[in-house]
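So the structure is just underneath, and the comments pick up after that.
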Amino acid sequence: MAIETLYRSTRDMETIFVDRKLADAHDQMLELAEALTDVLLKNVPNLDEKTAEDAGIFMAKNRASFAAAFKNNPSALAEIPNVSE
């Protein structure tokens, strides 16, 4: 019988990882998405919770591109793949 160690993010109990680093990275991404969602809800009038959550997750998943754009490289945003592609 083989034994396999599995890891799960505390913020997403449905997703299972075989690598602890991947689980930690996923958890950090979800933590950032939650913080972004809260900021969006507090500062963008008439923004519904689902849209804010979707935007927060999108920005967290594309963190590197947004960070580069905020550091005076707006062309980095062009590297983000289109959802429809």
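Considering only protein heavy atoms and a probe of 1.4 Å, how much of the accessible area of the stretch 33-85 is carbon and sulfur, as a whole percent?
On the way: 2230 of 4070 Å².
In the stretch 33-85, the share of accessible area belonging to carbon and sulfur is 55 percent.
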Per-residue SASA entry for ILE57, accessible area with 1.4 Å probe, Å² rounded to 10: 50
On Cα atoms only, tilt of 49-61 relative to the major axis of the chain in degrees: 70
Dimensions (Å) - the chain, Cα atoms, principal axes, largest first: 54, 29, 26
Cα lying deepest toward the dipole's positive end in the chain, options ASN73, LEU30, MET59, charges on Cβ: ASN73
Cα→Cβ-extended label distance, 7 Å offset, between VAL18 and LEU32, nm: 2.6
Cross-link reach list, aspartates and glutamates versus LYS42, counting only Cα pairs under 20 Å and skipping chain neighbours closer than eight places: GLU31, GLU34, GLU53, ASP54
Residue-level accessible surface for ARG8, protein heavy atoms, 1.4 Å, Å²: 130
Ellipticity estimate at 222 nm from DSSP helix runs (n ≥ 4, -39,500 (n - 2.57)) divided over the chain, nearest 500: -17500 deg cm²/dmol
Local electrostatic count at TYR7 - Lys and Arg +1, Asp and Glu -1, tallied over other residues with Cβ under 14 Å: -2
Set of lysines near LYS21 by C-alpha distance (under 20 Å), chain-local residues within fewer than 8 positions excluded: LYS61
Degrees, to the nearest 10: 20-43 long Cα axis against longest axis of the chain: 30
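The values are calculated or read from the model by the stated rules, or taken from the named source; none is laboratory data. None of these values were measured; they are calculated from a predicted model. Cβ sites come from the backbone with ideal geometry, for glycine too, and all protein chains shown count toward neighbours. Areas reflect the complete protein model, heavy atoms only, side chains present, ligands, DNA and RNA absent. Shrake-Rupley method; radii C 1.70, N 1.55, O 1.52, S 1.80 Å.
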